[in-house]
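Written below as structure tokens is the structure these notes are about.
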Amino acid sequence: MQNISGKRVAILATNGFEQSELEVPLKKLREAGAEVDVVSLESGKIKGWSHKDWGCEVPVDKTLDQARADDYDAIILPGGVINPDLLRVETKALDFIKAFWSAKKVVGAICHAPWLLAETGIARGRRLTSYKSIKTDVINAGGLWEDTKVVADQGLVTSRNPGDLDAFCDKLAEEIREGLHEDRAAA
């Protein structure tokens, strides 16, 4: 994985995030030198979902009220079914995601998190992938869906499931290191 020392990354999640889809990028990006904050709706801890039951808690570093997209180089959106479904009805969460996209920063989403890309309009006209059960949702939102481990389209990095985490994290680090995507039009 590329060295991304000096870069700052926000991971936006709430209760019900897919355990590995938050913890693996958190660990790998920190090991690559990035400062990574878990951002959520409320302070304290959020609880993951692991396979077929509740998983472990993860401490929240900042609430959405405390976090500003200007302070970060990228945002990562872990999946799971519960987490993105709860976030896509939260205006503050959607505005936070859109702020990264408008600023031409890296946006990463895995599994069911592309629901958030559909809700924000970011999916429209973009090549991306997701968990197979939301393929139609992504296509209906104007996304150009592909069945590939990882898809990168001008700073938008997406993957299908936890089995793709290594490819997802490697591509995220590469895109974060490259920086802003000036050739990208805002949603």
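Just to be sure before I move on: is Val81 over 21 Å from Gly163 (Cβ atoms) and touching a residue at least 24 places away in the same chain (Cβ under 8 Å) in the structure I sent?
On the way: over 21 Å from Gly163 (Cβ atoms): no; touching a residue at least 24 places away in the same chain (Cβ under 8 Å): yes.
The answer is no for Val81.
Residue by residue through region 121-151, note down the ones that are over 17 Å from Ile82 (Cβ atoms) and touching a Phe, Trp or Tyr at 6+ places or on another chain (Cβ under 7 Å).
If we filter region 121-151 for residues that are over 17 Å from Ile82 (Cβ atoms), which is where we start, we get 121-129, 132, 135-136, 138-151.
Result: Ile122, Leu128, Thr129, Lys135, Val138, Ile139, Val150.
Report, by residue number, each residue of region 95-109 that is out of contact with any Asp or Glu (no Cβ under 7 Å at 6 or more places or on another chain) and not in a helix (DSSP H, G or I).
Listed by number, the residues that qualify are Ala103, Val107, Gly108, Ala109.
Would you point out the residue of region 1-21, among those that are among the hydrophobic types (A, V, I, L, M, F, W, C) and over 18 Å from Ala99 (Cβ atoms), that is surrounded by the most Cβ atoms within 10 Å (Cβ to Cβ)? Steps first, answer last, please.
Going through region 1-21, the residues among the hydrophobic types (A, V, I, L, M, F, W, C) turn out to be 1, 4, 9-13, 17.
From what is left, the residues that are over 18 Å from Ala99 (Cβ atoms) are 1, 4, 17.
On the way: Met1: 15, Ile4: 23, Phe17: 32.
Per the criteria, the residue is Phe17.
Would you confirm, using the coordinates I've provided, whether Thr148 is part of a loop (DSSP other than H, G, I, E, B) and out of contact with any Gly (no Cβ under 6 Å at 6 or more places or on another chain)?
Answer is yes for this residue.
Take the residues in region 22-59 that are in a loop (DSSP other than H, G, I, E, B) and buried (at least 21 other Cβ atoms within 10 Å of the Cβ), then tell me which one is nearest to the chain's Cα centre (by Cα).
Quick first cut of region 22-59, residues in a loop (DSSP other than H, G, I, E, B) only: 32-34, 41-44, 51-52.
With buried (at least 21 other Cβ atoms within 10 Å of the Cβ) added as a condition, the list becomes 32, 34.
Working: Ala32: 17, Ala34: 15 Å.
Out of the qualifying residues, it is Ala34.
Which condition number does Thr158 fail, the rest of (1) over 20 Å from Glu21 (Cβ atoms); (2) part of a strand (DSSP E or B) being met?
(1)
With the condition kept exactly as written, say whether any residue in region 86-94 is surrounded by 23 or more Cβ atoms within 10 Å (Cβ to Cβ) and in a helix (DSSP H, G or I). Before you say what the answer is, go through the steps one by one.
Of the residues in region 86-94, the ones surrounded by 23 or more Cβ atoms within 10 Å (Cβ to Cβ) are 87, 93.
Going one step further and asking which of them are in a helix (DSSP H, G or I), we end up with 87, 93.
There is at least one residue in region 86-94 that is surrounded by 23 or more Cβ atoms within 10 Å (Cβ to Cβ) and in a helix (DSSP H, G or I).
Is it the case that some residue within region 132-145 is crowded, with 20+ Cβ neighbours inside 10 Å, in contact with a strand residue (DSSP E or B) (Cβ under 7 Å, 6 or more places away or on another chain) and either of a type in the set (Lys, Arg) or outside any helix (DSSP H, G or I) (or both)? Walk me through how you get there before you give the answer.
The initial filter retains those residues of region 132-145 that are crowded, with 20+ Cβ neighbours inside 10 Å, namely 134, 138, 141, 143, 145.
Now restrict to residues that are in contact with a strand residue (DSSP E or B) (Cβ under 7 Å, 6 or more places away or on another chain): 138, 143, 145.
Next, only the ones that are either of a type in the set (Lys, Arg) or outside any helix (DSSP H, G or I) (or both) stay: 143, 145.
Looking for residues that are crowded, with 20+ Cβ neighbours inside 10 Å, in contact with a strand residue (DSSP E or B) (Cβ under 7 Å, 6 or more places away or on another chain) and either of a type in the set (Lys, Arg) or outside any helix (DSSP H, G or I) (or both), one finds at least one in region 132-145, hence yes.
With the checklist (1) in contact (Cβ under 8 Å) with a residue 60 or more places away in the chain; (2) at positive phi; (3) in contact with a helix residue (DSSP H, G or I) (Cβ under 8 Å, 6 or more places away or on another chain) in hand, flag the one item Gly155 doesn't pass.
With respect to (1) in contact (Cβ under 8 Å) with a residue 60 or more places away in the chain; (2) at positive phi; (3) in contact with a helix residue (DSSP H, G or I) (Cβ under 8 Å, 6 or more places away or on another chain), Gly155 is out only on (1).
Taking the options Ala141, Ala109, Ala74, name whichever one is under 16 Å from the mean Cα position of the chain (by Cα) and more than 16 Å from Phe17 (Cα to Cα). Explain how you work it out, then say what you get.
Details: Ala141 fails: under 16 Å from the mean Cα position of the chain (by Cα); Ala109 fails: more than 16 Å from Phe17 (Cα to Cα).
Result: Ala74 is the single residue among Ala141, Ala109, Ala74 that is under 16 Å from the mean Cα position of the chain (by Cα) and more than 16 Å from Phe17 (Cα to Cα).
Consider only pairs whose beta carbons are under 6 Å apart and that are at least six residues apart or on different chains; among these, list those whose first residue lies in region 4-30 and is closer than 23 Å to Lys52 by Cα and whose second residue is modelled with pLDDT under 95 and outside any strand (DSSP E or B).
Gly16/Gly80; Phe17/Gly80; Glu18/Gly80
Which residues, taken from region 60-78, are crowded, with 19+ Cβ neighbours inside 10 Å, closer than 28 Å to Gly163 by Cβ and not aromatic (Phe, Trp, Tyr)?
Across region 60-78, the qualifying residues are Val60, Asp73, Ala74, Ile75, Ile76, Leu77, Pro78.
The values are calculated or read from the model by the stated rules, or taken from the named source; none is laboratory data. Quick caveat: nothing in here was measured; it's all calculated off a predicted structure. Ideal geometry is used to build each Cβ from the backbone, glycine not excepted, and the neighbour counts take in all protein chains shown.
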